[in-house]
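One structure below.
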Amino acid sequence: MPRMHALSGALYTAEQVRELDRRAIVERGIPGYELMTRAGHATLNALRSLWPAARSVAVLCGPGNNGGDGYVVARVARAQGLRARVVSPVEPAQLHGDAARAHADFVAAGGRVEPWTNEVLEADVIVDALYGTGLTRAPAGLAGEMLAAANASGRPIVAVDIPSGLHADTGAVLGIASSAGLTVSFIGRKIGCYVGQGPEHVGRLVLEDLALPADLSAGLEPLARLIDEGDVAAALPRRRRSAHKGEYGHVLVIGGGPGMPGAARLAGEAALRAGAGLVTVAVHPDNTGVVAARPELMCVAAHSGADVAAALERATVLAVGPGLGRSDWARSLLDAAFASGRPAVVDADALNLIAEAPRRNDRWVLTPHPGEAARLLGIATADVQRDRLAAARELQSRYGGTVVLKGAGSLVRSPGELTWLCDRGNPGMSAGGMGDVLTGAIAGIVAQCGDLGLAARAGVFVHAQAGDLAARRGERGLLAGDLLDHLRACVNP
C-alpha cells in the first residue's frame with residue numbers, strides 16, 4: 001500500500017484531520033478500530049524508543065477516541081511486559097464505539113481501570129490520552145485534576161495525538177494543558193502544535209501516518225505548510241564556476257541611528273554571510289567607525305536622506321530599520337528609502353514609523369515581532385499571540401507584500417499563498433540583535449534570487465537553523481553575532 005510521507009509539511013485544522021480520518025474509514029474501508037489500534041502501537045513504540053529503560057506507564061484515558069487510543073497503549077504495554085496502570089475521569093459504561101471496544105479488549109486482557117489517586121502516577125512515563133483535537137473548552141473536574149497532577153509529578157509525559165487542553169487550531173491553552181515531553185500525532189500535523197503555546201506543551205513531536213494511502217489528502221488544501229531545506233535550495237541554487245559578485249545583488253542597509261551602531265552592522269554582516277555580492281551600510285555619521293571595523297562592508301555617513309541617494313541608485317534591495325530610531329533623521333532616511341521604489345526588507349523602528357503613518361507596498365517584506373505587529377494592527381500583543389495565523393493574514397492584507405511574523409513558530413505570509421511556518425529555532429534566540437540578523441539574511445537572499453516571498457521563507461529558515469547550530473554550546477548567553485558564521489553553512493545546503 002502506498003504511504004503518505006510521515007514528514008509531510010502540510011499543517012491542518014482539527015476539522016481537516018477529522019476529514020482525513022473520515023476518508024480513511026468511509027472511502028478507503030479501513031475500520032476505525034484498526035486505526036485506533038495502529039495509533040496505540042505507534043504511541044507505545046515512540047515512548048519506548050525515547051525512554052527504553054521505562055518499565056511502567058500510567059495511562060490517563062478520557063471519554064472519547066483519544067481515551068480509546070490510551071486503552072490500546074495500556075493493553076499492548078502489558079503484553080510487552082510493562083506495568084500499566086489506567087485511570088479515567090469517566091465510568092467505562094459511558095464509553096461508546098471504538099473507545100468502548102478498546103476498553104473491553106483491555107479488560108479482557110487482564111487490565112482494569114483503577115480509582116484515581118496521585119499514587120497512580122508513580123510510573124516511569126505518564127501517557128496523556130484524556131482529550132484529542134475536539135476539545136474546545138477547559139478540562140474541568142477530575143480530568144483537570146489529573147492533568148495538574150501529571151504536570152506536577154516531574155515525570156515525563158507522552159501526549160496521544162495532541163496534549164490535552166491545547167486548542168488544535170490556535171495553540172491556545174484551554175485553562176490547563178499537559179506539558180508533554182513527547183507528542184505522538186496521527187495522520188496529519190495539527191496547526192495548534194506549532195503556533196501559540198503549542199510548542200511549549202508538545203515537546204518532541206513525532207508524526208505517524210498510520211500506514212494510510214498517500215493520496216488520502218488529495219484536494220484538501222492545508223491551512224499552512226512547514227518551511228524546509230527545499231525552500232533554501234530553490235532560493236539559492238548552486239553557483240556557476242564563472243560567477244561574479246555583480247550577479248548576486250547589492251544590499252543597502254539603512255539604520256544605525258545615534259546610540260545604536262551595532263544593529264546595522266549585524267544586518268550588513270548577515271547579508272554578506274547569506275551570500276549577497278555587495279553590501280553597503282548607511283548609518284548616522286557618529287557610527288561609521290563601528291561599520292568600518294568589518295572591512296567587507298562599504299559605509300555611507302548619512303546626515304539626512306539626501307546623503308543616501310547615490311547608494312539607493314546602486315542598490316538591488318534595501319534592509320531598512322535596524323537601529324534606525326524614530327527621530328526626524330530616521331524619518332528622513334525612511335522617506336528616501338521608500339521613495340526609491342527599491343524592494344525592501346523592513347524591521348524594527350521602521351515598522352513603528354509605518355504604524356504611525358500607515359502605507360502599503362507590494363515590494364517589501366515586513367518582519368514584525370508580536371509587539372510591532374500589535375502596533376501595526378492597533379491591537380494588543382496578547383491578541384496577536386492568541387491567533388498568530390489571523391494576525392499574519394491581516395498584516396499582509398492591510399500592508400501588502402510579504403509578512404514575517406516573528407516568534408516561536410515564525411510565520412511567512414505572501415499574497416496568494418498559504419501561510420508558511422518555521423518549526424526551527426530555540427529560546428536562546430530571545431536576545432537583542434536576532435531580528436537584525438534575520439533582516440540582513442532575508443535581504444541578502446532577495447539580492448540573489450529576486451523573489452521576496454521565497455527569500456523570506458529561506459531567510460527565516462536559515463536564520464533559525466543557524467540559531468540551533470549556535471545553541472549546541474548552550475541556549476543561555478547566545479548572541480546574535482554567534483549566528484553569523486553558522487549562517488554561511490546554512491545557505492550552502
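The values are calculated or read from the model by the stated rules, or taken from the named source; none is laboratory data. As the structure is a prediction and not an experimental result, all values here were calculated from the model. Here the Cβ positions follow ideal geometry from the backbone for every residue, glycine too, while neighbour counts run over all protein chains shown. Side chains are part of the model used for accessible areas, which takes the heavy atoms of the whole protein and leaves out ligands, DNA and RNA. Shrake-Rupley method; radii C 1.70, N 1.55, O 1.52, S 1.80 Å.
Give the residue that is nearest to the chain's Cα centre (by Cα), with candidates limited to residues of segment 191-212 that are among the aliphatic types (A, V, I, L, M) and crowded, with 24+ Cβ neighbours inside 10 Å. Checked segment 191-212; the qualifying residue nearest to the chain's Cα centre (by Cα) is VAL195.
Close Cβ contacts (under 6 Å, 6 or more residues apart or on different chains) running from residues in segment 45-70 that are farther than 17 Å from ALA123 by Cβ and in contact (Cβ under 8 Å) with a residue 24 or more places away in the chain to residues that are part of a strand (DSSP E or B) and open to solvent by less than 30 Å² (accessible area, probe 1.4 Å) comprise ASN66/ALA129; ASN66/VAL160; GLY67/CYS61; GLY67/ALA129; ASP69/ALA129; ASP69/VAL160. Checked against (1) more than 22 Å from ILE191 (Cα to Cα); (2) in a helix (DSSP H, G or I); (3) open to solvent by less than 10 Å² (accessible area, probe 1.4 Å), ALA58 meets all criteria but (2).
Scanning segment 107-121 for residues that are over 25 Å from GLY203 (Cβ atoms), of a type in the set (D, E, K, R), out of contact with any Gly (no Cβ under 6 Å at 6 or more places or on another chain) and touching a residue at least 40 places away in the same chain (Cβ under 8 Å) turns up nothing.
Residues that are over 18 Å from the mean Cα position of the chain (by Cα) and not acidic (Asp, Glu) were ranked within segment 366-380; the one that is most open to solvent (accessible area, probe 1.4 Å) is ARG375. Whether any residue in segment 40-47 is in contact with a Gly (Cβ under 8 Å, 6 or more places away or on another chain) and either open to solvent by 10 Å² or more (accessible area, probe 1.4 Å) or not polar (S, T, N, Q) (or both) is what I want to check. Yes, segment 40-47 has at least one match.
Pairs are defined by a Cβ separation below 7 Å, a sequence spacing of at least 6 or placement on different chains, a first member in segment 375-392 that is among the β-branched types (Val, Ile, Thr), and a second member that is open to solvent by less than 10 Å² (accessible area, probe 1.4 Å); the pairs so defined are THR381/ALA374; VAL384/ALA373; VAL384/ALA374; VAL384/ALA391.
Looking across segment 134-156, the residues that are open to solvent by 30 Å² or more (accessible area, probe 1.4 Å), closer than 20 Å to GLY198 by Cα and part of a helix (DSSP H, G or I) come down to ALA148, ASN151, ALA152.
The set of residues from segment 168-184 being part of a loop (DSSP other than H, G, I, E, B), within 15 Å of ALA129 (Cα to Cα) and of a type in the set (Val, Ile, Thr) comprises just one member, ILE176. Restricting the first member to segment 216-243 and to residues that are touching a residue at least 12 places away in the same chain (Cβ under 8 Å) and farther than 21 Å from LEU452 by Cα, and the second to residues that are part of a helix (DSSP H, G or I) and of a type in the set (Lys, Arg), the beta-carbon pairs closer than 7 Å and six or more apart or on different chains are LEU216/ARG23. Counting residues in segment 4-14 that are assigned to a helix (DSSP H, G or I) and open to solvent by 20 Å² or more (accessible area, probe 1.4 Å) gives zero. Restricting attention to segment 385-395, the residues being modelled with pLDDT of 95 or more and buried (at least 22 other Cβ atoms within 10 Å of the Cβ) number 3.
Within segment 85-133, the residues that satisfy the criterion of being assigned to a helix (DSSP H, G or I), over 20 Å from VAL158 (Cα atoms) and touching a strand residue (DSSP E or B) at 6+ places or on another chain (Cβ under 9 Å) are PRO92, VAL107. GLY249 fulfils the conditions (1) at positive phi; (2) among the small types (Gly, Ala, Ser); (3) under 28 Å from the mean Cα position of the chain (by Cα) except for a single criterion, (3).
Within segment 61-84, the residues that satisfy the criterion of being open to solvent by 20 Å² or more (accessible area, probe 1.4 Å) and in a helix (DSSP H, G or I) are ASN65, ARG75, ARG78, ALA79.
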